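A.B. asks: Sharing a structure below in structure tokens format, with a few things to ask.
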């Protein structure tokens, strides 16, 4: 069973963003699997780096879409991204500095944040972008 299952409930009804989110869910599940099965630190570190790197890329992608389409909630949405980016960087630094428990601790936080962000802030963005596309 996956750590986080993609479902239609997580869809924001905008394919470009949904595809990014599906990839984030997949990467989170890879990290969860590695932690659960006590993979080597190097493998866990690489998966954590990959997940956080893709997350930052995704944030920039969403922010470009918001600017391109004149999304009125841009600043608030960008601030939310900034807060997670700070927390994610802290987690990454802790792991790199030898705190091997951080990956396991990060999983529930990242799952909760991702699902909450999609179901709240990103649903609004998806509705806005879908309406603009019509």
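The values are calculated or read from the model by the stated rules, or taken from the named source; none is laboratory data. What you are looking at is a predicted structure, and each value in this text was computed from that prediction instead of being measured. Here Cβ is always computed from backbone atoms with ideal geometry, including for glycine, and neighbour counts include all displayed protein chains.
A.B. asks: With the requirement that a residue be surrounded by 17 or more Cβ atoms within 10 Å (Cβ to Cβ) and either within 12 Å of the chain's Cα centre (by Cα) or part of a loop (DSSP other than H, G, I, E, B) (or both), what does region 81-96 give you? Please lay out each step first, then the result.
C.D. replies: Initial filter on region 81-96 (surrounded by 17 or more Cβ atoms within 10 Å (Cβ to Cβ)): 81, 84, 88, 91-92, 95.
Correct list: 81, 84, 88.
A.B. asks: OK, next. Only one of (1) modelled with pLDDT of 90 or more; (2) in a helix (DSSP H, G or I); (3) loosely packed, with under 14 Cβ neighbours inside 10 Å fails for residue 132. Which number is that?
C.D. replies: Every listed condition holds for residue 132 apart from (1).
A.B. asks: Right, next: Any chance region 48-56 includes a residue that's in contact (Cβ under 8 Å) with a residue 40 or more places away in the chain, assigned to a helix (DSSP H, G or I), within 12 Å of the chain's Cα centre (by Cα) and closer than 14 Å to residue 4 by Cβ? Explain how you work it out, then say what you get.
C.D. replies: Of all residues in region 48-56, those in contact (Cβ under 8 Å) with a residue 40 or more places away in the chain come to 48-49, 51-52.
Subset that is assigned to a helix (DSSP H, G or I): 48-49, 51-52.
Then keep just the ones that are within 12 Å of the chain's Cα centre (by Cα); that gives 48, 51-52.
Remaining after also requiring closer than 14 Å to residue 4 by Cβ: 51.
Yes, some residue in region 48-56 is in contact (Cβ under 8 Å) with a residue 40 or more places away in the chain, assigned to a helix (DSSP H, G or I), within 12 Å of the chain's Cα centre (by Cα) and closer than 14 Å to residue 4 by Cβ.
A.B. asks: Take region 77-107 and flag every residue that is out of contact with any helix residue (DSSP H, G or I) (no Cβ under 8 Å at 6 or more places or on another chain) and closer than 21 Å to residue 18 by Cα.
C.D. replies: Matches in region 77-107: 79, 82.
A.B. asks: Out of the residues in region 97-129 meeting the condition of being more than 13 Å from the chain's Cα centre (by Cα), farther than 19 Å from residue 30 by Cβ and touching a residue at least 40 places away in the same chain (Cβ under 8 Å), tell me which one is surrounded by the fewest Cβ atoms within 10 Å (Cβ to Cβ).
C.D. replies: Once the filter is applied, the top-ranked residue is 127.
A.B. asks: Any chance you could count how many residues in region 9-43 are outside any loop (DSSP other than H, G, I, E, B) and within 22 Å of residue 108 (Cβ to Cβ)?
C.D. replies: So the first thing to find is which residues in region 9-43 are outside any loop (DSSP other than H, G, I, E, B), and the list is 9-10, 15-36, 41-43.
Filter again for within 22 Å of residue 108 (Cβ to Cβ), leaving 9-10, 20-36, 41, 43.
So the answer is 21.
A.B. asks: Sticking with this one: Could we say that residue 62 is buried (at least 17 other Cβ atoms within 10 Å of the Cβ) and part of a helix (DSSP H, G or I) here?
C.D. replies: Values: buried (at least 17 other Cβ atoms within 10 Å of the Cβ): yes; part of a helix (DSSP H, G or I): yes.
Taking the combined requirement at face value, the residue satisfies it.
A.B. asks: Condition first: under 11 Å from the mean Cα position of the chain (by Cα) and touching a residue at least 40 places away in the same chain (Cβ under 8 Å). Can you find one or more residues in region 28-40 that meet it? Steps first, please.
C.D. replies: Initially, region 28-40 is screened for residues under 11 Å from the mean Cα position of the chain (by Cα), giving 28.
Narrowing the set further to residues that are touching a residue at least 40 places away in the same chain (Cβ under 8 Å) leaves 28.
Yes: region 28-40 contains one or more residues that are under 11 Å from the mean Cα position of the chain (by Cα) and touching a residue at least 40 places away in the same chain (Cβ under 8 Å).
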